[in-house]
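All of the numbers you see were taken from the coordinates with simple rules; none came from a lab. Computed from a predicted model, the values in this text were never measured in an experiment. Here Cβ is always computed from backbone atoms with ideal geometry, including for glycine, and neighbour counts include all displayed protein chains.
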């Protein structure tokens, strides 16, 4: 086996260990337990006899897997429900309906699913229990426009924001103020039912109001904050005029604000984070230890423009290759978090692939180092790849095939670049979504 092949094999093995630790279904099984009549949700104990019905609702890329685990734990005690997930991420369920919708841009299937979920929750009463399963991607998968707006308005705004380089928290600040379900509105719909939420976090710091735009969480942001995001990225004049008018009316107090902390609708809502990027990175570190690497977790709060972060990761790889630090080799450096991409070109790719391409330019010619960047949901951006590998031979091999790495980076076309080299990582849907994991391996 070539040394580079072994590094790739190890990188994938380390990443898959992280995925297992953050697996959404397993995380639910660890958190949700039934002991006779008692339902245990972490440290929360609920007598099932107190509830006339148990409903399950969910939204996000991992929601179907989470619902599968709930059905296993509660069996016939589940009276019904509906979850909406990304196309290709559904699994067969016996008591909960699984719907699939488009992501990252919202579509009509998601809007229909949101209306169906609202109808179900409107029928839930004081003596009902609603188990809510929340995971990343829920913002796009559960779109229900606020009064006076259309789904096309929301699609246009989401597309502009995703291309602008805005962080996920900034994107969701705007989404919450264009929605009839996000930013706490779904909690108001479900009130007075008892709501217990299990959350797989794709937001750094596990901010419940930001994960899937917080349909069951009090919203600390305002219409003015949403307008400020559009202004920050020069989008105020680019968004559809009904969106601009809606946000301006909200900032002027002419449209009701999202439910805020202290609102009584949250008194019977309890949310628990069951998996996050920290779980994935810690398990990846343990696997690298087992493989014989000296390991160091540099951060689980990685943010920034993907290509700029890629240059920093390349500098770390160079330091290992040339100076044997910050760890003596064999070394594994780990970073967890989520970068962003400002789209200026016409190509195709995702943040992990763009990070890897920028890294490849910075490590050209180096021997014995590999960088791998992975999306934990298995789909990096609007592609079916989870990420890509980059090493000292990447740019040279590309050049021999007539591929100019800098041109591909300038065109945001990292997918085509790595696909031509056979350096994409394809895992398929993983059953979880806890941001990204970046590895630097040095032999």
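Points to keep in mind about this one:
- For the stretch 70-153, the square roots a ≥ b ≥ c of the C-alpha gyration tensor eigenvalues yield an a/c of 1.5 or more together with a/b not exceeding b/c, which makes the shape oblate.
- Its Cα gyration tensor gives the stretch 146-271 an equivalent ellipsoid. The semi-axes, each the square root of 5 times an eigenvalue, are 25, 17, 12 Å from largest down.
- For the stretch 352-374 versus the stretch 229-243, the spacing of their alpha-carbon centroids is 35 Å.
- Förster-model FRET efficiency, 35 Å R0, residue 410 and residue 151, C-beta, rounded to 0.05: 0.60
- In the chain, the DSSP beta bridges split such that about 45 percent are antiparallel, to the nearest 5.
- Estimated [θ] at 222 nm from DSSP helical runs (n ≥ 4, -39500 (n - 2.57)) normalised by residues in the chain, nearest 500: -12000 deg cm²/dmol
- Label zone at residue 72, where the point sits 7 Å out along the Cα-to-Cβ direction: the stretch 405-434 residues whose backbone N lies under 14 Å: 431-432
- Note on residue 252 and residue 13: with the Förster distance fixed at 51 Å, the Cβ-Cβ geometry gives a FRET efficiency of about 0.35.
- Rounded Å value of the spacing that divides the Cα centres of the stretch 47-75 and the stretch 1-45: 19 Å
- Using distinct alpha-carbon pairs, which all enter the 1/r mean, Kirkwood radius of the chain in Å: 22.4 Å
- For the pair residue 94 and residue 232, a Förster radius of 56 Å applied to the C-beta separation gives a FRET efficiency near 0.75, rounded to the nearest 0.05.
- Cα gyration tensor category, rounded, prolate or oblate, for the stretch 32-119 with a/c compared to 1.5: prolate
- Oblate is the label for the stretch 287-443, because the ratio a/c of its alpha-carbon gyration tensor axes (a ≥ b ≥ c) is 1.5 or higher and a/b is not greater than b/c.
- Inter-label distance, residue 367 to residue 52: 7.5 nm, where each label sits 7 Å from its Cα along the C-beta direction.
- Antiparallel beta bridges, as assigned by DSSP with both residues in the stretch 293-392, represent about 40 percent of the total such bridges.
- Potential extension, residue 40-residue 289 segment - 0.36 nm per residue separation minus Cα distance: 86.2 nm
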